[in-house]
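One structure is given here, and the rest of the page talks about it.
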Amino acid sequence: MKIGVVGGGYVGLTTGVCFSSLGHDVFVVEKVEEKVKKLKEGIPPFYEPGLEELLKKMLMEGKIRFSTNIKEMTEFSEIIFICVGTPPKEDGYPDLSQIEEAAREIALHLRDYRVIVEKSTVPVRTSYWIERTIRLNLHRPVEFDVASNPEFLREGSAIKDFLNPDRIVIGVSSERAKNILLELYKDFQCPKIITDISSAELIKHASNSFLAMKISFANLLSEICEKTGANVEVVTHAIGLDRRIGTDFLKAGIGYGGSCFPKDIKAFIKIGEELGIDMSLLKDVHNINERRIDIFISKLKGALWNIKGKTITILGISFKPDTDDIREAPSLKLSRRLREEGAYLKLYDPKAVENAKREFPENPPEVEYFSDPYLALQNADAACVVTEWEEVKKLDLKEVKRIMRTPIIVDGRNVYNPQLLREAGIEYYPTGIKF
Ligand code: UDX
């Protein structure tokens, strides 16, 4: 099929590359010229495992093209996916102006029937506004349908998630759009939820909020465990074995970050409140996540006494492993707080150093960056595990003990066996485990 994608960012590029790898012809339109230039050379604007290789292959096979020309894309495509950004506004509600702009521009060039699909995460009822915007901007009467097909991709495993989804959600208001989208996904074996558009839109926010709620629940448990001597790893594992609960997304730690959970939870709270609904459940999910940094810092202070003048190594900057994305990363919140208290920072990450450099204007010795963890640990007064990169998990603990000034590790991801650290002579402060 001929597929158009508006937006060459995370969702748009992954969607485009994956559909092209399934044999479809894809046309991605992106308004930033510099990005288009890079994409034509096969260079994605972010790191995602496997994406660059697949992009290059699809370009070679002529299955995907990039342009700034939305007219050509609209003429080319049978189905158009809107994958533009929906960043949060001051009040937490998503800024939908890029969605409106995309709808208006598609309308201006619409000459034949098209299905216009929202893939960006949007508030319930956004399709009404897309439909209205297109209708009001058409030059002449043309039939079209708006549909919703939310994505559930995780950074770091986006291609795998796209090609092997747990389910596909299709929100439609006509048989015609339904049949086209079912044809598009005909080779996917997973359950397909065909529903009305509002339900489809709601599923994305509901899904992310529920996952964030599980994480905050685990973090709440970790607070109780730290005060009582119970072990959060054992407690979450045991409750997760109840199949009604499930073990996934119950890992206690320094809190969730990224471009989705923090933003989507705030948006969902706002959407509910505007509908007059008490959203305190999700407000608590957010508040529990916010206080993870306070709890982490008080643990660090318990180990270091004073923060001022100490050299602290941050192991992992990206919001999770296998990505260079630092949006809403716990490492940044932690680093800012430690800087305010007068610490010297050594920031380590295998992929995200370049992105992080834009966050802190200070120079060495105040803030230093490393892509080698051992250099980052040299002469440190404490190390903070913030992202569970394989490189961090596999550190040679004897060497760590040897090179640190004072061997103290505060672990926000519970990556080490406490016994092994004790044997290596390192003072260890895990999460949700009294030690
Ligand atoms: C998430 C959703 O999983 C995905 O379906 C949606 O499309 C986009 O948002 P992503 O933001 O890529 O994906 O990351 P995810 O793997 O969900 O992790 C989000 C954050 O939660 C990370 O900071 C991670 O470290 C944290 N997390 C995750 C925990 O703290 N504990 C867990 O048990 C799981």
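Under the criterion of Cα pairs below 8 Å and six or more residues apart, the relative contact order for the chain equals 12 percent. Think of the chain as having a plus end and a minus end, set by charges on the Cβ of Lys, Arg, Asp and Glu; of THR247, ILE408, SER280, ILE408 sits farthest toward the positive end of this dipole. Counted by Cβ distance under 11 Å from LEU202, the other residues give a net charge of 0, where Lys and Arg count +1 and Asp and Glu count -1. This model, with +1 at the C-beta of Lys and Arg and -1 at the C-beta of Asp and Glu, gives the chain a dipole about its Cα centre of some 480 debye.
Relative to one another, the C-alpha centroids of segment 99-128 and segment 81-96 are positioned 14 Å apart.
Where is the GNM fluctuation largest for the chain (alpha-carbon springs, 10 angstrom cutoff): ASP91, ASP372, ASP196? In the Gaussian network model the winner is ASP91.
Across segment 305-357, the relative contact order, built from alpha-carbon pairs under 8 Å that are at least six residues apart, equals 48 percent. Rg and Dmax of the chain, both derived from C-alpha coordinates alone, stand at 23.6, 76 Å. Among LYS357, LYS119, the order by Cβ neighbours within 10 angstrom, fewest to most, reads LYS357, LYS119. For the chain, the residue among ASN164, LEU13, PHE66 whose Cα projects farthest onto the positive side of the dipole built from Cβ charges is ASN164.
Computed from the Kirkwood radius of its Cα pairs, the Stokes-Einstein diffusion coefficient for segment 21-71 at 20 °C and 1.002 mPa s stands at 191 µm²/s. Within straight cross-link reach of LYS270, meaning Cα distance under 17 Å, which lysines are found once same-chain residues fewer than 8 apart are removed? Those lysines meeting the cut-off are LYS89, LYS204, LYS283. The chymotrypsin sites (Phe, Trp or Tyr not before Pro) of segment 303-395 that meet both conditions, a loop assignment by DSSP and at most 13 other Cβ atoms within 10 Å of the site Cβ, are TRP305.
A DSSP coil position with no more than 12 other Cβ atoms inside 10 Å describes none of the GluC sites (Glu not before Pro) in segment 302-348.
Of the trypsin sites (Lys or Arg not before Pro) found in segment 140-249, the ones in coil according to DSSP and having at most 11 other Cβ atoms within 10 Å of their Cβ are LYS186, ARG243, ARG244.
Any of LYS35/LYS299; LYS160/LYS299; LYS357/LYS401; LYS346/LYS434 with alpha carbons more than 32 Å apart? Name them for me. Pairs exceeding 32 Å: LYS35/LYS299; LYS160/LYS299.
No value in this document is a laboratory result; all are computed from the given coordinates. Bear in mind the structure is a predicted one, so any value in this text is a computation, not a measurement. Don't worry about glycine lacking a Cβ; one is built from the backbone with ideal geometry, like all the others, and counts go over all protein chains shown.
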